[in-house]
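Since every read-out is calculated from the coordinates, none of them should be taken as a lab result. All values derive from a computational prediction rather than experimental measurement. Heads up, the Cβs are rebuilt from the backbone with ideal geometry, glycines too, and the neighbour counts pull from every protein chain shown.
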Amino acid sequence: MIAFENNFEKLSKNDLAQKAFESLREEMESGAIGYYTLPEIGIPLLEEVKSIKTDTFTQIVVIGIGGSSLGIKAIDSMLRPANKEAKEILFFENSDPVTISSLMQRVRPEEAAFFVISKSGSTIETTSIFKTVIAHFRLELDAKDNKRVFVITDEGSDLDKFAKHYVLRAFHIPHNVGGRFSVLSAVGVVPLAFAGYNVLPILKGALGFVERFFAHKENHLLGKALFYYKNAQTTSITVLFSYADSMEQFNKWFVQLWGESLGKIDAHKRNTGFTPIGIIGAVDQHSFLQLIVEGPRDKTVTFVRVEDFGNDLRIADVSLKHLEQTNFVNNKTFAHLINEQSKAVMQSVSESGIMVDAITLDTLSEQNVGKLIVYFQLLASLVGFMSGVDTYNQNGVELGKKILYNSLSKQ
């Protein structure tokens with residue numbers, strides 16, 4: 001279960017909010033944008049995975065970057081504490097040679113399933129690392145290793161053609177699903193299922209939330225989106241303040257989704273967008289909170305908390321000389337402490353005149369994770385429509401890629 005706490009305005013008669021809602025419905029029904037239906041598509045995809053002997057693998061190696069890895073990392077991080085038996089997942093993402101070398105030392109090539117993931121099929125970081133991994137481990141793609149290397153990409157991409165050439169198992173990303181919206185496609189479903197996670201309730205949680213949204217049962221999303229739009233000029237920084245260490249990777253997923261979806265040139269040729277910041281409580285109470293409370297009034301803050309961590313560790317009932325003033329916390333659980341910290345900070349931020357809202361998960365369950373993912377995807381789509389931008393392109397990113405290709409090809 002997820003509870004949403006906010007003070008956004010009611011929207012029963014707001015024309016822009018209703019137009020945004022209808023725009024999303026049209027995107028879904030026309031098939032122009034495909035992430036809305038990924039939870040349904042993912043269920044038969046799980047059946048396909050069952051036909052593969054995944055038990056022969058004890059380690060999962062993911063080679064991908066951005067939308068091809070961030071969502072998988074987020075789900076893995078959130079669910080791993082309650083799934084100790086899940087197989088190790090190693091993520092090869094960045095071009096940093098130190099990290100690549102270190103990760104390769106941890107790979108057990110005879111036990112690993114390798115996933116190379118790229119929607120376009122030609123992502124330079126991904127293909128560069130893939131080549132290096134093949135060479136380092138002497139993978140024989142046309143012989144013994146073609147059953148342990150898997151491809152996830154757009155159908156017909158160069159990477160897809162590569163897979164066909166070597167008779168590698170390929171899973172396809174729907175053409176109408178962008179990378180940062182793709183975690184509930186084969187991009188996330190297949191590697192996570194290989195790792196032993198129960199992916200079905202993730203999909204069902206997401207599906208249920210999408211259905212509730214289009215049945216007008218999650219209208220708080222419209223209110224939140226409208227607030228962002230109306231206050232874009234004054235509060236253009238969106239802070240996600242998550243009170244659980246296991247949500248740090250989810251924050252990073254959110255940063256890509258929010259920044260890449262909404263940082264655009266709008267229909268009036270104006271540079272627009274919202275700057276996303278992901279921070280972790282209680283740690284960042286001691287780093288970023290001061291700026292929120294007394295710095296420029298250009299931020300909104302969404303607090304995310306987890307009621308039940310599945311861990312009842314308590315603060316030791318110990319009295320220390322000269323520290324007796326802290327004894328009031330003795331014997332309380334750390335879960336209670338971190339959530340009370342969240343509530344106190346939220347109240348202090350609100351009383352400072354900053355718009356806040358809260359998302360409370362009863363547990364970090366598979367269903368809740370699925371709901372949380374589509375909550376932010378739907379929110380991004382709503383704000384994008386209201387802001388008059390194309391939520392789903394990323395021309396700024398593509399320009400950088402072209403410059404890199406041109407530069408490297410001339411060296």
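Please compute the net charge surrounding K147, taking Lys and Arg as +1 and Asp and Glu as -1 over other residues with Cβ under 14 Å from its Cβ. Mind dumping the intermediate values first?
Working: positive: K53, K144, R148, R169; negative: D55, E110, E111, E140, D142, D145.
Result for the neighbourhood of K147: -2.
The phi torsions of segment 149-157, fed into the Karplus equation with coefficients 6.51, -1.76 and 1.60 and a -60° offset, translate into couplings of 10, 10, 10, 10, 6, 6, 5, x, 5 Hz, rounded to whole numbers, with Gly and Pro shown as x.
Comparing N83, N94, N311, which has the greatest mean-square fluctuation in the GNM of the chain with Cα pairs linked when under 10 Å apart? Highest fluctuation of the listed residues: N311. For the residues A163, A215, A112, a GNM of the chain with alpha-carbon springs under 10 Å puts the largest fluctuation on A215.
Taking amide H as placed 1.01 Å from N in the peptide plane, I173 has its amide H under 5 Å from the amide H of T153, D154, E155, each at least 5 places away in sequence or on another chain. Exposure proxy ranking for M355, M247, based on other Cβ atoms within 10 angstrom of each Cβ and starting from the fewest, stands as M355, M247.
Per-residue Cβ neighbour counts within 10 Å put R305, R169 in the sequence R169, R305, beginning with the fewest.
From most to least packed by mean Cβ count within 10 Å, the peptides 295-303, 103-111 give 295-303, 103-111.
With just the Cα atoms defining each centre, how far is segment 271-288 from segment 308-333? Give it in Å. Centre-to-centre (Cα) distance: 28 Å. Solvent-free Debye calculation, one equal scatterer per alpha-carbon of segment 140-190: log10 I(q)/I(0) at 0.14, 0.17, 0.25 Å⁻¹ equals -0.36, -0.51, -0.90.
Ordering of 182-188, 359-365, 378-384 by packing is 182-188, 378-384, 359-365, highest average first (other Cβ atoms within 10 Å, averaged per residue). Taking the square roots of five times each eigenvalue of the Cα gyration tensor of the chain, the equivalent ellipsoid has semi-axes of 36, 28, 21 Å, listed largest first.
Summarising the overall dimensions of segment 34-197 from its C-alpha atoms, the Rg and Dmax are 14.6, 40 angstrom.
For Q59, nonlocal amide neighbours, meaning residues 5 or more places apart or on other chains whose placed amide H falls under 5 Å from its own, are A113. Of the residues D158, D96, the one with the fewest other Cβ atoms within 10 Å heads the list, and the complete ranking is D96, D158. Amide H to amide H distances under 5 Å link G281 with S242, Y243, A244, where only residues 5 or more positions off or on other chains count and H is placed in the peptide plane.
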